[in-house]
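Participant: Handing you a structure now.
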């Protein structure tokens, strides 16, 4: 079989090329949606404890399956029309791979978490300055700090300079302000890390 002339395709060839374009668009929408969900979850500390290990491999598997299905459908359509595969068949594969690699690196470096914290930081620091002597008042202030909904603030563990801003719907997650660091953090098994300056994050078990 000769290759399809994409500049002057026959009727059957034109239909095959339409299938190719449609399948590639569907693959991009599917991969984009999967990456979008992952990046959204990665905006919050809870993601970096239990969800990280499962959802990042799941993204790779889902995109791989989607691209494989796209390729096999195009093979079947081409075979049914007794036509060769279009040149650059599955041409969006490199783009999909680049997208998943980029998202994986962004999540691995916790860039979404740092970005979401930067949105919340002005409100958190304003609340800290206004209520540092009476943290119980934090819950009566605005609960929305950027993308975060904070349920309460408290001094916790044995270091009293350490202030926890606990999430409204996940009290095991918190943003922490501490001038002494959190190396000796009193918490159950989970995960923690540094953000900027004296700010840290944590997710307890």
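Bear in mind that the values in this text are calculations on the coordinates, not laboratory data. Because the structure is a prediction, the values reported are computed rather than measured. Neighbour counts run over all protein chains shown; Cβ positions are idealised from the backbone, glycine included.
Participant: Could I have the simple spin-label model distance between residue 53 and residue 155, label points 7 Å from Cα toward Cβ, reported in nm to one decimal?
Facilitator: Computed distance between label sites residue 53 and residue 155 equals 3.6 nm.
Participant: What does the extension gain come out to for residue 194 and residue 144, with contour length at 0.36 nm per residue minus their alpha carbon separation? Don't skip to the end; give the middle numbers.
Facilitator: Working: separation 50, 0.36 × 50 = 18.00 nm, distance 2.16 nm.
15.8 nm is the gain from fully extending residue 194 to residue 144.
Participant: Right, next: Can you tell me how much longer the chain between residue 104 and residue 132 gets when fully stretched, taken as 0.36 nm per residue apart minus their C-alpha distance, in nm with one decimal?
Facilitator: Difference between extended and current length: 6.3 nm.
Participant: Continuing with the same structure: Taking the Cβ of each residue in 152, 21 as the centre, tally the other Cβ atoms inside 10 Å and list the residues starting with the fewest.
Facilitator: Working: 152 16, 21 12.
Exposure proxy ranking, most exposed first: 21, 152.
Participant: Further, regarding this structure: Calculate, for residue 73 and residue 95, the FRET efficiency according to 1/(1 + (r/R0)^6) with r their C-beta to C-beta distance and R0 22 Å; round to the nearest 0.05.
Facilitator: Working: r = 18 Å, r/R0 = 0.84.
After rounding to 0.05, the efficiency reads 0.75.
Participant: Length gain on complete extension for the stretch residue 172 to residue 64, per 0.36 nm per residue less the alpha carbon to alpha carbon distance?
Facilitator: 35.5 nm is the gain from fully extending residue 172 to residue 64.
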